[in-house]
1. Tell me which of these residue 200 doesn't satisfy, since it passes every other one: (1) more than 19 Å from the chain's Cα centre (by Cα); (2) within 16 Å of the ligand (Cβ to nearest atom).
2. So which residues in segment 1-57 are at pLDDT below 50 and polar (S, T, N, Q)?
3. Among residues belonging to segment 268-302 that are more than 14 Å from the chain's Cα centre (by Cα) and free of Cβ contacts under 8 Å to residues at least 60 places away in the same chain, point out the one that is surrounded by the fewest Cβ atoms within 10 Å (Cβ to Cβ).
4. What are the pairs, 6+ residues apart or on separate chains, where a residue within segment 143-161 that is assigned to a helix (DSSP H, G or I) has its Cβ under 6 Å from a residue that is loosely packed, with under 13 Cβ neighbours inside 10 Å and modelled with pLDDT of 95 or more?
5. Tell me which residues, restricted to segment 94-127, are surrounded by fewer than 24 Cβ atoms within 10 Å (Cβ to Cβ), farther than 17 Å from residue 293 by Cα and of a type in the set (A, V, I, L, M).
6. When you scan segment 155-175, how many residues do you find that are over 13 Å from residue 226 (Cβ atoms), among the hydrophobic types (A, V, I, L, M, F, W, C) and within 12 Å of the ligand (Cβ to nearest atom)?
7. Would it be correct to say that residue 216 is over 30 Å from residue 336 (Cα atoms) and of a type in the set (Phe, Trp, Tyr)?
8. Residue by residue through segment 23-49, note down the ones that are under 12 Å from residue 275 (Cβ atoms) and not in a loop (DSSP other than H, G, I, E, B).
Amino acid sequence: MKKNLVVIAAMAAALCMSVTASADEDLITIGFAQVGHESDWRTASTQSCQDVFTEENGYDLQFVDCDNDSATQLEAVRNFIEQDVDYIIIDPIVSTGWDEVLTECEDAGIPVIVIDRTIDDSDKYAAWVGSNFTTEGLACGEWLKAYAEAKGIEEINVLVIEGTTGSSAAIGRTDGFAEIAEREGWTILDSQDGDFTQTGGQEIMESYIKSYEGQFNVVICQNDNEAFGAMDAMTAAGISYGVDGDVILVSFDACTAGLEYVQSGDINADFECNPLAAPFVEEVIQQLEAGETPETVVYMEEHWYVNEDILESITVTVDGEEQEQALTVVTDEIVEAQY
Ligand code: AHR
């Protein structure tokens, strides 16, 4: 009797295992080589993928936090190839050095989807979903021009706290803003890498204060976390910033905490970088699964947020084409709905 029970239990276990195995086999496996965890934006981006690529939705997501290290990111992609995943998602820390590993993905027959930042030295991927960072930088410059005119500010002396060197996010925002600065004859006193972190923003701002105290009236931080660090440094040095301050403070990302500071007037303007790419990536994957050809370039919808209701819209010229977009004054509802 006991022996029979053991046999039945073993058969049940085997049945259960084979059901699980076939259920697992039905899942689409995805390897995601994420940049790291440097910012609120990054947390929202990771969450977006983890919310969409769940087992309930039919996916098995292998997630690697590459801690802002390019060698780790390349290794993560090679491990995904080794595991023979169905798709690889890459948010490239830097924009170059990709062709070799993307060729390996291609040879292994694994489609790659790039999100957020761009890859500049290879086109061996199925699609890219992200933001136009140059447009963000241009918008920041055009807003500053219009804002300064509206406020009667004649001289613009800028300090820029850049994002990670070599990342397309930093390159685009730097180039876009520099184009307007050059056209308007503004002085960019300095432009250094704050690595998209709060600590980086604070350290760079502290060293800027030592070198340029009394010489600057604009600080451009290339993400919210750097702005929080810059605010700490300026507060500690007794420098006022924001809508009622001596220094105009501008940021990018527009995550919840960033928008709270726009609403309170500590940050004058915040140019959104939308991290919720995963639903669009899923669409690409489903199209590939169905044998269809997906859109190869998908831009995220983004807003430009301000505190004061003094300018209605900004026009930027991208690739010779004028694009007008409204400026949005931050409200409680906007903050509550943000990521
Ligand atoms: O690539 C997007 C940028 O990277 C975001 O602006 C920043 O917060 C993140 O770390």
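The values are calculated or read from the model by the stated rules, or taken from the named source; none is laboratory data. What you are looking at is a predicted structure, and each value in this text was computed from that prediction instead of being measured. Note: ideal-geometry Cβ built from the backbone for every residue, glycine included; neighbour counts use all protein chains shown.
1. For residue 200, the failing item is (1).
2. 4, 18, 20, 22
3. 291
4. 150/310
5. 94, 101, 102, 108, 119
6. 1
7. So residue 216 fits the description; yes.
8. Scanning segment 23-49 gives 34, 40, 41, 42, 43, 44, 45, 46, 47, 48, 49.
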